[in-house]
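The values are calculated or read from the model by the stated rules, or taken from the named source; none is laboratory data. As the structure is a prediction and not an experimental result, all values here were calculated from the model. Positions of Cβ are generated from backbone atoms using ideal geometry, with glycine treated the same way; all protein chains shown enter the neighbour counts.
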Amino acid sequence: MLEFISAPQNLAFSVALVLMMGIALLEGITAIFGFALSGVLDSLLPDFEFDMELDVEAHSPHALSRLLAWLRFGKVPVLILLVIFLTGFGLIGLGIQSFTQNTMGFLWPGYIASIPAVFLTLPIVRVLGGAIGFIMPKDETEAVSQDSFIGRIANITLGTAKVGSPAEAKLKDQYGTAHYIMVEPDNANDEFDKTTPVLVIKKAGHVFKVIKNENQNLVDSKE
């Protein structure tokens, strides 16, 4: 069994499963230290505008957004979708190779076996992502631009926000839908923890700059 898994033709599938386990381990470790890997990954992604109603050709610039929307991006945390993909790709790929070896006596080259493995995995990502999105709390279910987060109140959920050391925060968009972002103070002398609501003032790369909310009329419910 070990010889089969470690075969060069199965390297891509074995690596996918190892990555999946590594991501799960890192998520657990970062959560212990108050820094969510899932929040970092979501904030690093480009701000896609998903529109499943666009009537465009496959080569259109909107094609990527349509594919990502079909895969439930924006409705389910990216880390969950990545874990589903890596698990499905690894197991399906090894299954294809095992079937080929048992029936034909050889293993396909990894790049050939990867093609059907990818195409068979994508529908699984969509189905399982949809199921997970259905049972999860209604977070990030509206596709909105991250630019609309500026001027909104956020509440730190994990860690302490310092310059150079962002923390995870939760805010609600105009639809009342919750989003998790990474924030750090705009002022180098400030530090914010769970006790201090903050005001998002600008976006700097994948991190949002925040200041202390001094205006008591600006309130964002934590519920």
Checking residue 100 against (1) exposed (fewer than 15 other Cβ atoms within 10 Å of the Cβ); (2) more than 30 Å from residue 189 (Cα to Cα); (3) at pLDDT 85 or above; (4) out of contact with any helix residue (DSSP H, G or I) (no Cβ under 7 Å at 6 or more places or on another chain), which test does it fail? (1)
Quick check on region 111-156: of everything there that is more than 30 Å from residue 15 (Cβ to Cβ) and aromatic (Phe, Trp, Tyr), which residue is modelled with the lowest pLDDT? 134
Looking for whichever is in contact (Cβ under 8 Å) with a residue 40 or more places away in the chain and either surrounded by 16 or more Cβ atoms within 10 Å (Cβ to Cβ) or among the aliphatic types (A, V, I, L, M) (or both) here; the options are 185, 166. Which one fits? 166
